[in-house]
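See structure below.
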Amino acid sequence: MEQTLQQAWPLPLTQQPIVIIGTGDIVNDAHLPAYRKANFSVVGIYDISFSRAAELASRWGIDNVYQNMEQVASLGRHCIYDVAVPPDAIIEVIKQLPDGAAVLIQKPMGSNLKQARQIRQLCKEKKLIAAINFQLRFSAAMLAVRDAMQSGLLGEIVDLEAHLNINTPWQLFPFVKKMDRVEISVHSIHYLDLIRSLLGNPEGVFVRSLDDPRIPELKQTRTSAILDYGANPRVALSINHNHNFEAKFQDAHIRFEGTKGCMMVKLGVLMNYPHGEPDELWFCKTGGSWQSIPLQGGWFPEAFIGVMSNIQRYVAGDDSKLLTNIDDAFQTMSLLEACFTSMTTPCVPLVLD
């Protein structure tokens, strides 16, 4: 295709050092590889497990391992605090951050809408420059899709579907065993956030998220959802994380279908996670043939560069908008809450006589 689409968020012109709070696998697999690739400066790390933090610091060449949050907070407002802790721990962490600091908080924004509201209020009281790490928006493929939509390349979007049939290694995320809300809160939240960032908020939702007898230690790991945007577009999620069979029919894609063209995004990182495959982006003009659009990067780790770049640039005054700011992220959490409320709504029964 002749049109060049945006695939990367601009890097900051001036950098703030980064301090990471939390040492889960996502930090090792995505945050730190992204920051190294972008030449961001990670000056320190903290975790309630000092030994785990020390091991990660040694692996990645991080100079400072902090003993407690008091040491972390003593750095003041001269850094970006990258908070990557389980949702229930977010409030206690941000309570201890310096007033006026910049903080990027790993999704979700708390475990439920009540916690999200508390986080939003606390951030405002402390005058934090706060964003939620909804990094899928910043992947090369999704930035290109956004650009294509805004430029009219696809026409009016009439159909959008996220379809996953994969085998997720849940053992890499032990914290989810304690959660009552799993699949939507830690995974499909990405698609819900992406969709509302592109299409706005839906009028409502119809959702069922289910557990699986093959993974009895977890709550929901499979989701079907319809987002109601009225007559158009049709928006649906079909998510199965437990396809524990040979890889032939595993699949992870999002389709953006418009009146003028269609784009297909393969979410390669989800295939054989965490090793993954390359993301793919395909475009077909109405009446034309499918074309592969080369991508400059993937969801992991490049999208993590984008979301960190946005807050860095916003702090420096180079970006006028913090895309995943807490007020915007709260709307995504409101959409999540509507999903869980929908799950309690009875289906329409059949009339058989």
Report task. Go ahead and run the numbers for FRET between residue 74 and residue 171, Cβ-Cβ distance against an R0 of 25 Å, rounding to 0.05. Result -> 0.10
Query raised in the report: Which percent of the accessible area of region 1-127 is formed by carbon and sulfur heavy atoms (probe 1.4 angstrom)?
Result: 48
Query raised in the report: Each residue of region 104-117 in order: what ³J(HN,Hα) in whole Hz does its phi give by Karplus 6.51 cos²θ - 1.76 cosθ + 1.60, θ = phi - 60°, with x for Gly and Pro?
Result: 10, 9, 4, 6, x, 7, x, 7, 7, 5, 4, 5, 4, 5
Requested in this report: Find how much the distance from residue 64 to residue 180 grows on full extension, using 0.36 nm per residue of separation minus their present alpha carbon separation; answer in nm with one decimal.
Outcome: 38.2 nm
Query raised in the report: Spin-label point model (7 Å from Cα, Cβ direction): what's the residue 158 to residue 226 distance in nm?
Result: 1.8
Query raised in the report: Which one of 247, 329, 293 is farthest out on the positive end of the charge dipole of region 233-353, using unit charges on Cβ (Lys, Arg +1; Asp, Glu -1) and the Cα centre as origin?
Result: 293
Requested in this report: May I ask for the angle, rounded to the nearest 10°, between helix 50-60 and the longest principal axis of the chain, with both axes built from Cα atoms and the value confined to 0 to 90°?
Outcome: 80
Query raised in the report: What is the gain in length, in nm to one decimal, between residue 234 and residue 292 on full extension, counting 0.36 nm per residue of separation less the C-alpha to C-alpha distance?
Result: 18.4 nm
Query raised in the report: With all protein chains present, how much of the accessible area of region 199-353 (probe radius 1.4 Å) comes from carbon and sulfur, to the nearest whole percent?
Result: 55
Requested in this report: Over the chain, give the accessible area per residue in Å² for a 1.4 Å probe, as an integer.
Outcome: 45
Query - Given 12 as the ceiling on other Cβ atoms within 10 Å, longest exposed-site-free region of the chain for trypsin sites (Lys or Arg not before Pro) in DSSP loops - result: 1-126
Query raised in the report: Helix 189-199: angle to the longest alpha-carbon principal axis of the chain, degrees 0 to 90, nearest 10?
Result: 70
Query raised in the report: Which one of 231, 194, 311 is farthest out on the positive end of the charge dipole of the chain, using unit charges on Cβ (Lys, Arg +1; Asp, Glu -1) and the Cα centre as origin?
Result: 311
Requested in this report: Determine the dipole magnitude for the chain: charges of +1 sit on the beta-carbon of Lys and Arg, -1 on that of Asp and Glu, nothing else is charged, the reference point is the Cα centre, and the result goes in debye to the nearest 20.
Outcome: 420
Query raised in the report: What is the magnitude of the charge dipole of region 1-151 about its Cα centre, with +1 placed on the Cβ of each Lys and Arg, -1 on the Cβ of each Asp and Glu, and no other charges, expressed in debye to the nearest 20?
Result: 440
Query - Cα long-axis angle, helix 302-316 against the chain (0 to 90 degrees, to the nearest 10) - result: 60
Query - Environment charge of residue 300, counting only residues whose C-beta is closer than 10 Å and scoring Lys/Arg +1, Asp/Glu -1 - result: -3
Query raised in the report: Once fully extended, how much extra length lies between residue 3 and residue 284, figured as 0.36 nm per residue of separation less the alpha-carbon to alpha-carbon distance?
Result: 99.9 nm
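The values are calculated or read from the model by the stated rules, or taken from the named source; none is laboratory data. What you are looking at is a predicted structure, and each value in this text was computed from that prediction instead of being measured. Glycine also receives a Cβ, built like all others from the backbone with ideal geometry; neighbour counts cover every protein chain displayed. Protein only, heavy atoms only, side chains kept; ligands, DNA and RNA dropped before computing areas. Shrake-Rupley method; radii C 1.70, N 1.55, O 1.52, S 1.80 Å.
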